[in-house]
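Enquirer: Take a look at the following structure, please.
The values are calculated or read from the model by the stated rules, or taken from the named source; none is laboratory data. Predicted model only: the values in this text are computed from it and were never measured. Note that we place each Cβ from the backbone using ideal geometry, even for glycine, and neighbour counts take in every protein chain shown. Just so you know, the surface numbers come from the protein's heavy atoms only, side chains and all, with ligands and any DNA or RNA stripped out. Shrake-Rupley method; radii C 1.70, N 1.55, O 1.52, S 1.80 Å.
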Amino acid sequence: MNRLRLIAPADSVVLSELQVQNRTYLSPWEPTRSKEFFTDAGQRADIGAALERHDRGDAAPFVILDDDGAVVGRLTLSGIVRGPFQSCAMGYWVAQERTGRGLATDAVATALTYAFTTLGLHRVQAETLLDNKPSQRVL
């Protein structure tokens, strides 16, 4: 099953719910966020900005889907660089209650295929904190 699809403005409701539910879980890896970020309006703004970057060719913002097609996280290829470097950075998260099921692993594999074939990139870079062993296993 394809674990990714392009993010859409309609995803704001479910993403705001997931952000609220996973705020503590994601906090070690996320920047400090305003209260607005965790609302539907905040997610709509974030999605809008991500889609603008996508339209410029600077990013590929996706949602991660479970087996039933429900949104369970996000994955973004960002900072897309063209010219001789042809690279990007990849960041992702999956809701805590959905971890350990291979969803992130499948999503990352799909994103890599997209990056190397559709986008024609040469390098995808991802980083984790030293103690983030689950994410290191995914990568």
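Enquirer: Select from 21, 124, 65 the residue farthest towards the positive end of the dipole of the stretch 10-139; place +1 on Cβ of Lys and Arg, -1 on Cβ of Asp and Glu, and compute about the Cα centre.
Expert: So the residue furthest toward the plus end is 124.
Enquirer: Using Cα centres only, tell me the gap between the stretch 27-51 and the stretch 1-24 in whole Å.
Expert: Taking the Cα centre of each part, the stretch 27-51 and the stretch 1-24 sit 11 Å apart.
Enquirer: In addition: Given a 1.4 Å probe and every protein chain left where it sits, what share in percent of the accessible area of the chain is carbon and sulfur?
Expert: 53 percent
Enquirer: Let me know the Rg and Dmax you get for the chain when you use only its Cα atoms, in Å.
Expert: Using the Cα atoms of the chain, the pair Rg, Dmax is 14.5, 41 Å.
Enquirer: Here's another thing I want to ask about it. Can you tell me which of 123, 56, 74 moves the most in a GNM of the chain? Springs connect C-alpha atoms under 10 Å apart.
Expert: In this elastic network of the chain, the residue with the biggest mean-square fluctuation among 123, 56, 74 is 56.
Enquirer: If packing is taken as the average count of other Cβ atoms within 10 Å, what order do 22-30, 42-50, 64-72, 86-94 fall into, highest mean first?
Expert: Working: 22-30: 13.0, 42-50: 17.4, 64-72: 15.9, 86-94: 19.3.
Ranked by mean Cβ neighbours within 10 Å, highest first: 86-94, 42-50, 64-72, 22-30.
Enquirer: Here is a further query. So what is the accessible area of the chain per residue, in Å², with the probe set to 1.4 Å? Please list the in-between numbers first.
Expert: On the way: 7740 Å² over 139 residues.
Accessible surface, normalised per residue, equals 56 Å².
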